[in-house]
Amino acid sequence: MGHPVLRRPAEPLNAAAIGSDEIKRLIADMIDTLHDYGGIGLAAPQVGEPIRLAIVEIPEDGSRYGNLPGMSLSVFINPTITVLNGETHGFWEGCLSVPGLRGFVERPQHIKVDYLDINGSADSIELNGFLATVFQHEFDHLDGKLYIDRISDTRLLAFEEEYMRYLAPREDDEVPVEVD
Ligand code: ZN
């Protein structure tokens, strides 16, 4: 947080560049970073590249994230979000680019994402619940936004230690989350 690349809109990726060695290398670096950090999503601006590209991977054993269905590592290029239902629900979010903090953010819980996949083919996916939150968090990075911008009650922003001690939801369906 504080690096200018995190605060400006990223550039769409030219279709001709998809599949280039440079982009393959970027994606490989992002996968390494995601695995090192132990998150479930990462956007290119978070590794210093102002490109509209993000990756998401939900482990099959998603117990840490509630009963989420697994999602094998997927690449989303030039994604756009359509909100299918504006009703919101809040989750505690964390971010590789805002280390040591957790914040409560309310977002729509039913969205559609149109994007290009790693081969440059157009595809779309519909997402519900926490997954909808994850994708909105990731794609916010492509617009220069951080989750902290979306916290409506800043009393619900905490250091991880205090979050775990005082604020972490206890219900099974509200496990602490760390988005990326
Ligand atoms: Zn993030």
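Once both axes come from the Cα atoms, what is the angle between helix 21-37 and the longest principal axis of the chain, in degrees from 0 to 90, rounded to 10?
Approximately 20 degrees, to the nearest 10.
Starting from the Cα of residue 31, step 7 Å along the direction of its Cβ; do the same at residue 167; then give the gap between the two resulting points in nm.
Those two pseudo-labels are separated by 3.4 nm.
May I ask you to list the residues of the stretch 124-149 whose amide nitrogen lies under 18 Å from a point 7 Å from Cα along the Cα→beta-carbon direction of residue 83?
Residues 126-149 qualify, since their backbone N sits under 18 Å from the label point.
So what is the calculated 222 nm ellipticity per residue for the chain, using -39500 (n - 2.57) for each DSSP H run with n of 4 or more, over all residues, to the nearest 500 deg cm²/dmol?
Mean residue ellipticity at 222 nm (helix-derived): -5500 deg cm²/dmol.
What is the helix-to-structure angle for 129-141, meaning the angle in degrees between its Cα long axis and the longest Cα principal axis of the chain, kept from 0 to 90 and rounded to the nearest 10?
Orientation of helix 129-141: about 60 degrees from the principal axis.
Would you work out if the stretch 9-52 is rounded, prolate or oblate? Take a ≥ b ≥ c from the square roots of the eigenvalues of the alpha-carbon gyration tensor; rounded if a/c is under 1.5, else prolate when a/b is larger than b/c, oblate otherwise.
oblate
Can you say what percent of the DSSP beta bridges in the stretch 4-167, counting only those with both residues inside, are antiparallel? Round to 5.
Antiparallel bridges make up about 95 percent of those DSSP assigns within the stretch 4-167.
No lab work stands behind these numbers, since they all come straight from the coordinates. Predicted, not measured: the structure shown is a model, and the values here were computed from it. Cβ sites come from the backbone with ideal geometry, for glycine too, and all protein chains shown count toward neighbours.
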